[in-house]
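Below: the structure, in structure tokens.
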Amino acid sequence: MDRTLNPPSSPAPLPSDAGAAVAFAAAYFDGNSASAQPVYLRIAGAQLRVTRADESDTLLWQGTLHALRWSEAFRHAPRQALLPDGGTLEINDRGELDTVLTAAGLGPSRVVRLQRRWPAALASLLALLLVTAAAYVYGLPAAAKWIAFNVTDGIEQRLGDLVLQELDDGDFLAPSTLSHGRQERLAARFAEMAARAAPGVSYRLLFRNIDGPLGVNAFALPGGTIVLLDGLTGGDGRLSLTDEQILGVLGHELGHVKHKHVMRRLIQTAGTAVGAAVLWGDIAGLAANVPVSLGALQYTRDFEREADDFAVEFLHANGLTPSPLLEFFRQIESLSGSKRAPAFLSTHPSLKERQERLQRAVP
Amino acid sequence: MTRNHDPFAELEPGTLRDELNPELAQREAAARAQREAEEAQRRLAEHARRLEFTGDGAEYFRIWIVNLVLTVVTVGLYSPWAKVRKTRYFWQNTVLDGHRFDYHGNPWAILRGRLLAVLLLAAYTWGTDFSPTLALATIAVLCLAAPWLFLRAQEFKLRNTSHRGLRFGFDASARDAYRHLLPLPLIWFSGAIATAAFGASETTILALSTLSGFAFPWMHHQLKQFQHSRAHYGGLHARFDPVWSSFYSAYFIGGAVLVLVVIGLVILTMAVTSLAGPGLLTDASSALGIAIGALAYAVVWPFMATRMQRAVWGHTTLGPVRFWTYIDSGDLLRLVLSCMALTVVTCGLYWPYAAVRLARYRVQCIELRTTLPPRELAAGLQPAAQRASGDGAADLFGLDVGL
């Protein structure tokens, strides 16, 4: 199989313009057909002459090296150059071509020089890890916090309303079975405590019901809506909680509202997804989701810790200790059993960790 | 096909052998035809050239990591330059008959294209959260623009790829693209469209979803057909013979394997987690689900890809050039699994090595067969005729859809 269309690399001696000229053998494509024509390139300083590599030695092109568009040098590929008249040169016999081009001012760019050396590549890897870690731990949370408090403030309410409407309409949330009297009493007491602990934080307390294990819960929506479910207020007898304990949980949810956690989580998850797509987008869309899920879980655990801390402040501002919350955790633990997922797969820090944090806050 | 000899020369002059013995004549004609076909096949095989790939994993790792850092530090703005460099690396390391390919995409055009894509994606994502009308409007715009976008993407990709100094090309009018491709997003989003237009019932939506599911192999085939049948190089136009039955069999087999694999993995997972405790399953369900999905995809994709590649290349011709691929699902499966395992274990650092290995395998499986010797073929090729109107638009937005 005749593969090398390059002639042997000993061209005819140069005519009058001798001096420090270097010659290379190459294949030339004139852009009008796909036939490869063997040529010689003679480079003197920044001047280039392209001549046919046969007895005729016809001059095909001459000019400066800078008039050509040179490809980046890859180790196992010939150098390619685009001539201004539309022709292409394929230079297999590279020899000192790189040196000659560098001498003429057409050396490799900074990026290419970085790519060539292993120390530079490993330094890049280190830089990548540091930048990514910094962005994940500091950069993105800070940016999300700023955006949540300064940019998306107005949209939050609408988002919360939309979600609530969907939950209500989709029969996910049923009307509460708690008596109106009890609802009003809890709401009033909570309003009092909230005014003391977090003045200026607007919220709305709603009562709903979900059947089954999911019903032992309370959650906050963007815009300040706190939903308290019947499972916590003692509807089905699984838990018997005092008012203080319920209010402790509501304090935790108020912490979510005050710090705009849900909005920040949305922004941070989106940011993590974009980051994962940039880092691993090459690989597969699906594979990029795993780090996003894990990364997002870490963020929610941070938020839960922050909400727990606020709950302690909330109770403290109203003259109570964290013990109601501790009691609540103990009851939850007996309800769900001791085996739970490892911490890094869970949305909340482990119960043990939350209890320890609360214990430390008890005076 | 020229006949080198006169069939009647075999007859003895004056006899009426054929008329008296038609069966014998038929058999002789059949034998002659077969000999000629075999000879043509031999001539085809004589000028068979396989593609080669000279890329190196270590070299590409260095290129990849440096470009990745630059992309991350510039929050993605450097990515078009990284993409051009990567594409040039893979093209310039692909060899046919001793000569390389090349890519000339303009990074600025690609940057404009990517910013446009980000805007549309943002509009859609935030639209679904805040304003359903915005989301619907975005989908509508995307559906209507999709054929045009795909056309521009193909033009950009092919016009910027060259071999032996001649550029490839893609020749299709907008009307052509719409006629061929508009049914695709319409069928795919038929459920959403029906709901928005006249509030369809759940059964209607279910029926439409099932219909679009069944139509998916056909849609995939339409896309490939449009892609391959409008490409041209050196004055030669590509042809693509319809082969949608192969696509259907590929998807059917892929679906069957997927079901088996998912069932197997789910059983395995439940067995493992029952040892660890009930809490593990509910808490880790999303991560486990993704892991099962990724593994299933890695196992199923080689089977489907092999079948479809064989079908597509076996039915594509470029003038007198026929294609063939030696791709084998067993080899590809082993390759994909080992690459995936190593990539996961190294947290993604093995990826550039894996990319080079995959590219090498796929490229080196492809073979070109012609009856003409390559030199003659090369000599007969001409540059693509320039379409004055199309070029500006193709360069304005360097759209790459990754198809």
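Rg/Rh, computed from the Cα trace of the range B:144-272 with Rh as the Kirkwood radius, has the value 1.11. With K and R counted +1 and D and E -1, the other residues having a Cβ less than 15 Å from that of residue B:337 yield a net charge of 0. A Förster radius of 30 Å, combined with the Cβ-Cβ distance separating residue A:56 from residue B:115, puts the computed FRET efficiency at roughly 0.05.
Once the mean 1/r over all distinct Cα pairs of the range A:88-227 is inverted, what Kirkwood radius in angstroms do you read off? Please report the intermediate quantities before stating the final value.
Details: mean 1/r = 0.0463 Å⁻¹.
Taking every pair of different Cα atoms in the range A:88-227, averaging 1/r and inverting gives 21.6 Å.
For residue B:249 and residue B:182, FRET efficiency with R0 = 25 Å and r from the beta-carbon atoms, rounded to 0.05? Write out the running numbers ahead of the final one.
Details: r = 26 Å, r/R0 = 1.06.
It comes to 0.40.
Straight-line cross-link reach from residue B:224 at under 16 Å between alpha-carbon atoms covers these lysines, not counting any fewer than eight positions away in the same chain: B:157. Determine, from the Cβ-Cβ distance of residue A:204 and residue A:356 and an R0 of 35 Å, the FRET efficiency 1/(1 + (r/R0)^6), rounded to the nearest 0.05. Step by step, r from the Cβ atoms, then E = 0.60.
Among the listed pairs A:145/B:86; A:145/A:352; A:260/B:86, which are separated by more than 30 Å between their Cα atoms?
Numbers: A:145/B:86 36 Å; A:145/A:352 28 Å; A:260/B:86 42 Å.
With Cα atoms farther than 30 Å apart: A:145/B:86; A:260/B:86.
With no solvent and one equal point scatterer per Cα, compute the Debye intensity ratio I(q)/I(0) for the range B:153-193 at 0.18, 0.24 Å⁻¹ and report its log10, rounded to two decimals. Taken in order of the listed q values, log10 I(q)/I(0) reads -0.64, -0.80.
Please state the relative contact order of the range A:109-261 as a whole percent: Cα pairs under 8 Å, 6+ residues apart? Write out the running numbers ahead of the final one.
Numbers: 142 pairs, mean separation 31.1, N = 153.
Answer for the range A:109-261 is 20 percent.
Every read-out reported here was derived from the displayed coordinates using simple, explicitly stated rules and does not represent laboratory data. Source: prediction; values computed, not measured. Don't worry about glycine lacking a Cβ; one is built from the backbone with ideal geometry, like all the others, and counts go over all protein chains shown.
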